[in-house]
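Everything below concerns the one structure shown next.
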Amino acid sequence: MIIREIKIEDNKKIKEIIQDSLKSLGLDIPGTAYFDPQLNNLYQYYNNLNYAKYWVLEMDQEVVGGIGIAPFNEQDKVCELQKLYLSPKTQGLGLATKLMETALLFASQHYKKCYLETQHELKAVCKLYKKFGFELLLKPLPGSEHSAMDAWYIKGLN
């Protein structure tokens, strides 16, 4: 298993993983990452932002998942944890924990807080976020773009 920064040649595979995951959950709808305009070019998107990165997880030389950190509210030093997805064959192996550790270490070096959006029905990932100290908010932070999400979390960073 290798966690590394995204390369341009990873764009197609990580888009496929994200869209396949959302489709399998019935979340291939407007207001989710499924229709994010940057999905075709994640490498370029993250590399054109300050204090942003996207990591992919590779197993047996195949990209099987990823996670990103991007600015959300730069004035308040808040970032957003984005696009944590794993292919079905790798779920339940503790790999999301490894991706979270990588992303949050980077985030803690550049931001004071980390925000994320998800859905309550995604119980496994909500449990993971709570394990990492994220607290559930009553409403999204101003500037939220994913209107189909119904669970918003925030975490203070050291």
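What the table shows:
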item	result
Criterion violated by Asp20 - all others in (1) out of contact with any Lys or Arg (no Cβ under 7 Å at 6 or more places or on another chain); (2) farther than 19 Å from Ala96 by Cα; (3) open to solvent by 50 Å² or more (accessible area, probe 1.4 Å) satisfied	(2)
Listing of strands (runs of 3 or more DSSP E) fully contained in the range 37-135 that carry 1 or more residues being surrounded by 19 or more Cβ atoms within 10 Å (Cβ to Cβ) and small (Gly, Ala, Ser)	62-73
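The values are calculated or read from the model by the stated rules, or taken from the named source; none is laboratory data. Bear in mind the structure is a predicted one, so any value in this text is a computation, not a measurement. Note that each Cβ is placed from the backbone with ideal geometry, even for glycine, and that neighbours are counted across all protein chains shown. Remember, those area values only see protein heavy atoms, side chains included, never the ligands or the DNA or RNA. Shrake-Rupley method; radii C 1.70, N 1.55, O 1.52, S 1.80 Å.
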